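Accompanying notes for the structure given below.
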Amino acid sequence: MTPSYGGLALEIVVPVYNEEAVLENSITRLAEYLTNEMPSTWKITIADNASTDQTSVIAARLSEHLPNVEYRRLEVKGRGFALRDAWSASDAKVLAYLDVDLSTDLAALPPLVAPLLSGHSDISIGTRLGQSSRVSRGAKREFISRSYNFLLRRTMQVQFSDAQCGFKAIRADVAKRLLPHVEDNGWFFDTELLIIAERSGLRIHEIPVDWVDDPDSRVDIKQTAFDDLRGMVRVSASLLKGVIPVQAIYAELGRRPLAPLCRPSFFGQVVRFGLVGVASTLAFALLYLMMEGPFGSQEANFIALLLTAVGNTAANRRFTFGISGPAKLATQQLQGFIVFLLAWTLTSSSLVLLHSLHADAAPNVELLVLTVANILATLMRFVLLRLWVFRDTRDHLDSRASIDVTVATGGRFF
């Protein structure tokens, strides 16, 4: 694994924030392992992102007494900030990072970096979800981790299995190309990096790891989960808008044909449609409240639905069902308008029913009834969009082909 060009082969960054209790033992243990087991040249960088305890004092002492250990400090909190700062300043061929608790068995480190030092792969990650991985952690964290990675695979259509394991490495030239396009500077940083890398046709190597949960972990699970979901939506929007130049990155570094994304799975469509539906419902409610006074309830309902319908159809076309380009755009917009009319009929009927029961219903009651009706209309809209407006023509052709084969073979299936 020694690079032929000479120089520093591997730099391992350990991001830390208020880790005075474990820092010295972990860095000493890591340095001893690298000295005894790593044949390539290496360096450890302690990346302190705004610690307020004795972490800085301990880290500075370690950098003075241990060879090949460096200390960097940022006055801003965030694992992404720490990694971005350290990786951008490195002159190593391969950049890696480990969680300071060393939950992952260090025996996985040589196979983690070997494919990168050899030039075989671009990014290498440890996975706790592989068949041969051995993991010890609580049921709650296990459920959250598997649920997050399942959601990530279904909605973002990624192939890597474990986005959150704090055991990753990347070639320096790849990091230099990708880092400017990674916006997150917190816990979603490496997930975003992996998504962009895979979309750009880079090779991501996975190795199963042995991993023991740190009982002293201070990660805010709820906040992290919320930030991750928000990050997934943001990255999806950036990819759809073409903000991230995956074609250019592929042309420079890609290893496989950059095929267009396949149609999202049914589960992914449901999640994406729900996100679009929530945004549309909020926009509808806001528009209705703004226009109910000057126009009246029925007129306000129609205008609000009309204004949100065009954006809703366009968003679902691109985001939910993965359709881009001008083909059938006008037809699908017309079909979407028909779906809008059906939804408007449903919501308008709810107002008629409400006024027949309570002629002087207050605006907030009207809004409540319309919101419920709009939810039902949203369910109807999803069915019609999926099975009619944005029907997968490949499935239709496959079905026609199956019928033709059946007829040609006298009703026998192969």
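The values are calculated or read from the model by the stated rules, or taken from the named source; none is laboratory data. Note that this is a predicted model, so its numbers are computed, not measured. Cβ: placed from backbone, ideal geometry, glycine included. Neighbour counts: every protein chain shown. The protein model used for the area step is the full one, side chains on, heavy atoms only, and it has no ligands, DNA or RNA in it. Shrake-Rupley method; radii C 1.70, N 1.55, O 1.52, S 1.80 Å.
Some values worked out for this structure:
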read-out: Chymotrypsin sites (Phe, Trp or Tyr not before Pro) within the range 1-80: DSSP coil, no more than 10 neighbouring Cβ in 10 Å; value: Y5
read-out: Exposure of H65 as accessible area (Å², to 10), given a probe of 1.4 Å and all protein chains; value: 130 Å²
read-out: Relative contact order (%) - criterion: Cα under 8 Å, at least six apart; region: the chain; value: 13 percent
read-out: Label point at E37 placed 7 Å out along Cα→Cβ; residues across the range 95-119 whose backbone nitrogen lies under 20 Å; value: 95-118
read-out: Surface accessible to a 1.4 Å probe, M38 within the full protein complex, Å²; value: 10 Å²
read-out: Percent accessible area from carbon and sulfur atoms, the chain, protein chains only, probe 1.4 Å; value: 61 percent
read-out: Percentage relative contact order, the range 1-63, counting C-alpha pairs under 8 Å, at least six apart; value: 50 percent
read-out: Charge dipole of the chain about the Cα centre (unit charges at C-beta), most positive-ward option of N185, L129, L83; value: L129
read-out: Cα-projected label distance for I144 with V310, points at 7 Å along beta-carbon direction, nm; value: 4.3 nm
read-out: Nearest 10 degrees, 0 to 90: helix 266-295 Cα axis against the chain principal axis; value: 60 degrees
read-out: Lysine pairs within the chain, Cα separation less than 27 Å, 8 or more sequence positions apart or different chains; value: 17
read-out: Pairwise label distance in nanometres, E24 with N68, each label 7 Å out on the Cα-Cβ vector; value: 2.3 nm
read-out: Simple spin-label estimate for V243 and V372 in nanometres, 7 Å along Cα-Cβ; value: 3.8 nm
read-out: Cβ charges +1 (Lys, Arg) and -1 (Asp, Glu), total dipole of the range 302-398, debye; value: 380 debye
read-out: Listed candidates [x] 71, 55, 43; [y] 83, 64, 39; [z] 65, 48, 45 - label of the one calculated as Cα extents along the principal axes in Å; value: [y]
read-out: Size of charge dipole - the chain - debye, nearest 20, with Cβ of Lys, Arg +1 and Asp, Glu -1, no other charges; value: 1680 debye
read-out: Cut-off under 5 Å, modelled amide H: who pairs with V16 long-range; value: A47, D48, N49
read-out: Listed residue (A139, L98, T41) projecting farthest to the positive dipole end of the range 1-152, Cβ model; value: A139
read-out: Tensor-based shape of the range 330-384 (alpha-carbon gyration tensor, a/c under 1.5 rounded, otherwise prolate or oblate); value: prolate
read-out: Area of S26 that stays accessible when all protein chains are in place (1.4 Å probe, Å², to 10); value: 10 Å²
read-out: Selection from I338, I12, P111, by position along the positive dipole direction of the chain (Cβ); value: I338
read-out: Mean accessible surface per residue for the chain, computed with a 1.4 Å probe while every protein chain stays in place, in Å²; value: 49 Å²
read-out: Under DSSP loop assignment and at most 15 Cβ neighbours within 10 Å, longest trypsin sites (Lys or Arg not before Pro)-free interval of the chain; value: 78-217
